[in-house]
1. Let me know the shape class of region 165-267, please: from the alpha-carbon gyration tensor, a ≥ b ≥ c as square roots of the eigenvalues, rounded when a/c is under 1.5, otherwise prolate if a/b is greater than b/c, or oblate.
2. Could you work out the relative contact order of the chain, using alpha carbon pairs under 8 angstrom and six or more residues apart, expressed as a whole percent?
3. Amide H to amide H, which residues 5 or more places from residue 261 or on other chains are under 5 Å from it, using H placed in the peptide plane?
4. State log₁₀ I(q)/I(0) for the chain at q = 0.07 Å⁻¹ as given by the Debye formula over alpha-carbon point scatterers of equal weight, solvent excluded.
5. Please give, to one decimal in nm, the separation of the simple spin-label points placed at residue 49 and residue 196, each 7 Å out from Cα toward the Cβ.
6. Using alpha-carbon pairs under 8 Å, 6+ residues apart, how would you state the relative contact order of region 206-289 in percent?
7. Please list 3J(HN,Hα) in residue order for region 213-218, calculated via the Karplus relation 6.51 cos²θ - 1.76 cosθ + 1.60 where θ = phi - 60°; whole Hz, with x for glycine and proline.
8. For the pair residue 124/residue 90, report the inter-label distance in nm, with labels modelled 7 Å from Cα in the Cβ direction.
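Values quoted throughout were computed directly from the atomic coordinates according to the rules given, and no laboratory measurement underlies them. The shown structure was predicted, so the numbers you read here are calculated from the model rather than taken from an experiment. All Cβ positions, even for glycine, are placed from backbone atoms using ideal geometry, and neighbour counts span all protein chains on display.
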Amino acid sequence: MELYALWLFHKVAQNMSFTKTSEELHISQPAISKQIKKLEEELGLKLIEKYGKNIYLSKDGQFIFEYTKKIFALIEEMESQIPKLREKMLGHINIGASNTPGIYVLPKILGEFKGKYPEVKINLHIGNTYEIQKQILIGRLDFAVIGGEISEKESVEIERLVDDFMVLVCSPTNKLALLNFVERNQLVDQDFITHEPHSNLYEIVEDIIKTDLKIPLNIGLMLGSIDAIKNAVSANLGISIMPYISVKQDIALGHLRLLNCENKVWKYSYNLVYLKNRRLPVPAKILLQMIRERTRDVVLNHI
């Protein structure tokens with residue numbers, strides 16, 4: 001049984017008119033009549049009776065019409081669900097991130113992505129820059145977002161997303177917290193709390209202290225996470241230079257104090273990194289584009 005012939009019968013039964021059906025579907029009446037006659041022959045049933053200019057459904061035709069209503073209602077329901085089916089996204093995405101973007105930037109964007117594509121599984125691996133770079137190079141990550149630069153540039157694509165900046169912070173109980181303006185020589189007797197070596201944050205802070213501030217690098221404590229550094233600074237175990245996005249809320253709550261050191265500003269960029277010529281699955285491509293579009297807003301709304 002051809003669905004097309006059944007559909008034409010269904011339309012004629014709805015309209016109770018060959019003429020109206022012909023006009024509605026832009027199909028000639030003889031073509032419609034031919035298909036319905038073919039259907040009647042196939043079923044061995046008379047479906048439509050003619051009395052003068054009027055048509056009526058036979059008892060068998062009424063029986064078939066009750067089923068065609070169900071059939072084409074289901075087809076219409078199916079068609080209405082197809083766009084939703086196309087939007088449904090499945091798959092796994094493996095992302096890497098250095099500490100700052102992994103904690104303070106990506107979660108908001110990943111939340112927005114999961115709201116649109118709840119069936120996609122995301123694995124976010126947070127580590128230091130060198131660890132993330134290694135994972136990218138051996139192909140374990142689809143892409144990564146890192147703070148600062150990476151040493152390997154030949155085999156990867158690097159896209160700058162946005163610039164944050166590094167700020168000098170201390171505990172509210174530190175003597176420097178009472179000053180509106182700090183000179184670099186006032187930092188000489190302070191212990192610095194830094195991230196662990198082999199991280200971009202450590203190298204950036206080391207370069208700021210040695211090259212720009214030109215003061216001794218007195219490291220009192222090295223810690224492996226941003227939160228640990230903030231807690232140590234808040235406890236007045238030393239001062240630190242940190243990405244602003246990571247300390248803005250702590251400054252607003254009074255847990256940390258922002259220091260103005262000779263009006264100096266140090267940029268800190270966030271970069272998108274992925275292997276050249278790597279073929280990404282569709283969900284990863286969509287998330288990648290969302291990160292390109294949303295990172296600037298997420299970071300700058302913190303500034």
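1. rounded
2. Values: 462 pairs, mean separation 63.1, N = 303.
The normalised contact order for the chain reaches 21 percent.
3. The answer is 182.
4. -0.49
5. Going from the residue 49 label point to the residue 196 one covers 8.9 nm.
6. Numbers: 27 pairs, mean separation 14.0, N = 84.
With pairs under 8 Å counted, the relative contact order is 17 percent.
7. 6, 6, 10, x, 8, 8
8. Roughly 2.5 nm, to one decimal.
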